[in-house]
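**Q** Once you've had a glance at the structure underneath, I'll fire off some questions.
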């Protein structure tokens, strides 16, 4: 279980409705763990990529070296954006999710979104 001081929730909103969310936790020396949470309905195009950008742009993620992500299986938009924003990305299916292990590039510029 993570403590509140090393965990954060990130949300992407469309108006006042949350359309994509993630839990981000620092779990060890340079390791960041995130769970991209499925929305309760269809998400607007680009919202899941925007969520990945918001997670990757967090200072604690930028300071990390390794990313462990859980993504809903079939969420191609998030997986593609994670591949674009990380290096050495490995993905494997686990039940209804995809597990992503990747290196966080050092000194990565902030996204243009």
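The values are calculated or read from the model by the stated rules, or taken from the named source; none is laboratory data. Not measured: the values here are computed from a predicted model. Please note: Cβ atoms are built from the backbone with ideal geometry, for glycine as well, and neighbour counts cover all protein chains shown.
**Q** Could you say which residue among 88, 74 is modelled with pLDDT of 95 or more and either assigned to a strand (DSSP E or B) or surrounded by fewer than 19 Cβ atoms within 10 Å (Cβ to Cβ) (or both)?
**A** Of the residues listed, the single one that is modelled with pLDDT of 95 or more and either assigned to a strand (DSSP E or B) or surrounded by fewer than 19 Cβ atoms within 10 Å (Cβ to Cβ) (or both) is 88.
**Q** Looking at region 12-36 only, could you name the residues that are under 11 Å from the mean Cα position of the chain (by Cα) and at pLDDT below 95?
**A** Hit for region 12-36 is 20, nothing else.
**Q** Then there's this: Taking the condition surrounded by fewer than 18 Cβ atoms within 10 Å (Cβ to Cβ), in contact with a strand residue (DSSP E or B) (Cβ under 6 Å, 6 or more places away or on another chain) and in a strand (DSSP E or B), does residue 33 pass?
**A** no
**Q** I'm told residue 100 meets every condition in (1) assigned to a strand (DSSP E or B); (2) exposed (fewer than 13 other Cβ atoms within 10 Å of the Cβ) except one. Can you identify the failing condition by its number?
**A** Going through (1) assigned to a strand (DSSP E or B); (2) exposed (fewer than 13 other Cβ atoms within 10 Å of the Cβ) one by one, residue 100 breaks only (2).
**Q** Name the single residue that is nearest to residue 20 (Cα to Cα) among those in region 37-71 being in a strand (DSSP E or B) and at pLDDT 95 or above.
**A** Here the residue is 71.
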